[in-house]
Amino acid sequence: MLISACLLGQNVRYDGNNLGLDSLSFQRLSELVEFVAICPEVSGGLSTPRTPAEIVQGAGIDVIEQRAQVITQTGANVTDAFVVGAQNALALCKQNNIRAAVLTDASPSCGSSKIYNGEFAGEKIAGHGVTTALLRENGITVFSQFELENAIEFVNR
């Protein structure tokens with residue numbers, strides 16, 4: 001199962017921190033699958049720490065289809081890095097026969113139900129990140145870190 005590296009405790013988030021999971025559900029899931037970790041943003045060439053970025057005027061699928069961009073808080077266009085990171089995540093899934101992923105919600109890469117609204121106001125909206133959109137377009141089921149029980153059910157099917 002693909003997993004966001006930050007959820008495994010790797011300090012790869014934009015602020016140099018992580019969102020390491022240690023819940024009972026996470027422990028159960030880790031006993032059922034082998035995790036393959038990636039931070040799509042780092043994989044796409046961005047540094048840690050890095051300036052926060054948000055998808056402007058769209059969601060992940062719009063970025064993939066070149067209708068929206070990923071812009072940093074300082075105005076830099078980092079769309080290409082996000083697309084490359086998503087492509088790298090998809091390649092990992094194909095190489096490892098991965099059918100599901102647990103990715104960090106609200107991230108412009110990994111968000112599976114929410115992303116930030118693109119105005120750097122801290123407001124979340126319904127939407128998917130770039131990596132989640134590409135994975136789902138290719139038949140890979142994506143769960144957030146808040147849906148671990150659903151991921152366990154998926155594995156046990």
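For the reader, a short list of remarks on this structure follows.
- Residue check for residue 85: in contact with a His (Cβ under 8 Å, 6 or more places away or on another chain) and either within 13 Å of residue 4 (Cα to Cα) or modelled with pLDDT under 95 (or both): no
- Residue that is among the β-branched types (Val, Ile, Thr) and either free of Cβ contacts under 8 Å to residues at least 60 places away in the same chain or surrounded by 22 or more Cβ atoms within 10 Å (Cβ to Cβ) (or both), where the choices are 56, 36, 70: 70
- Yes/no for residue 81 being open to solvent by 40 Å² or more (accessible area, probe 1.4 Å) and of a type outside the set (Val, Ile, Thr): no
- Pairs, first part of a loop (DSSP other than H, G, I, E, B) and of a type in the set (Ser, Thr, Tyr) in segment 14-25, second crowded, with 16+ Cβ neighbours inside 10 Å and modelled with pLDDT under 95, C-beta under 8 Å, six or more apart: none
- Screening segment 123-157 for residues that are part of a helix (DSSP H, G or I) and touching a Leu at 6+ places or on another chain (Cβ under 7 Å) and picking the one that is surrounded by the most Cβ atoms within 10 Å (Cβ to Cβ) gives 131.
The values are calculated or read from the model by the stated rules, or taken from the named source; none is laboratory data. Keep in mind it's a predicted model, so treat the numbers as computed, not measured. Don't worry about glycine lacking a Cβ; one is built from the backbone with ideal geometry, like all the others, and counts go over all protein chains shown. For accessibility, only protein heavy atoms count, side chains too; no ligands or nucleic acids. Shrake-Rupley method; radii C 1.70, N 1.55, O 1.52, S 1.80 Å.
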